[in-house]
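Scroll down for the structure; my scribbles are underneath it.
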Amino acid sequence: MGIITGIASSPYKGVMFVLEQIRKSVDSELYDETIWQQKLLDLQMRYDAGEVTQADYDAQEQQILEQLDLINSLSFGDTDEEEDEEDESDEDEGEEDDIGDSLDNK
């Protein structure tokens with residue numbers, strides 16, 4: 001029965017693998033700061049070359065800067081969570097020391 005189940009679920013696993021790869025690719029483009037910085041530089045170069053109007057430049061620049069702000073807020077958010085976890089572990093260590101000290105005093 002295990003072999004039949006494995007064979008029957010193989011297409012599902014394959015589709016899930018492909019979908020996961022697509023998600024990773026999309027995430028890397030959406031949240032890669034370097035890509036968005038490059039888009040901003042390309043936009044500036046096209047504007048300087050006269051290929052983009054001032055209105056188009058302003059609109060596209062706004063979108064790019066909003067995405068960069070989002071990326072930065074997400075990356076700073078991760079850092080804060082890591083620091084909070086470190087602070088909590090430091091506090092736990094301090095509690096253990098207090099317990100040990102109180103036992104030593106008795």
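The values are calculated or read from the model by the stated rules, or taken from the named source; none is laboratory data. Source: prediction; values computed, not measured. We place every Cβ from the backbone using ideal geometry, glycine too, and count neighbours over all the protein chains shown. Remember, those area values only see protein heavy atoms, side chains included, never the ligands or the DNA or RNA. Shrake-Rupley method; radii C 1.70, N 1.55, O 1.52, S 1.80 Å.
The table below gives the values:
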quantity: Gln62 versus Glu33: modelled label distance in nm, points set 7 Å from Cα along the beta carbon direction; calculated: 2.5
quantity: Equivalent ellipsoid semi-axes - Cα gyration tensor, segment 1-45, angstrom; calculated: 41, 7, 4
quantity: Net length gained if the chain between Ile4 and Lys24 were fully extended (0.36 nm per residue, minus Cα distance); calculated: 4.1 nm
quantity: Accessible area (Å², 1.4 Å probe, nearest 10) - Ile22; calculated: 90
quantity: Calculated from backbone phi, Karplus (6.51, -1.76, 1.60) coupling profile of segment 52-69 in Hz, x at Gly/Pro; calculated: 10, 6, 4, 5, 5, 4, 4, 5, 5, 4, 4, 4, 5, 5, 5, 5, 5, 4
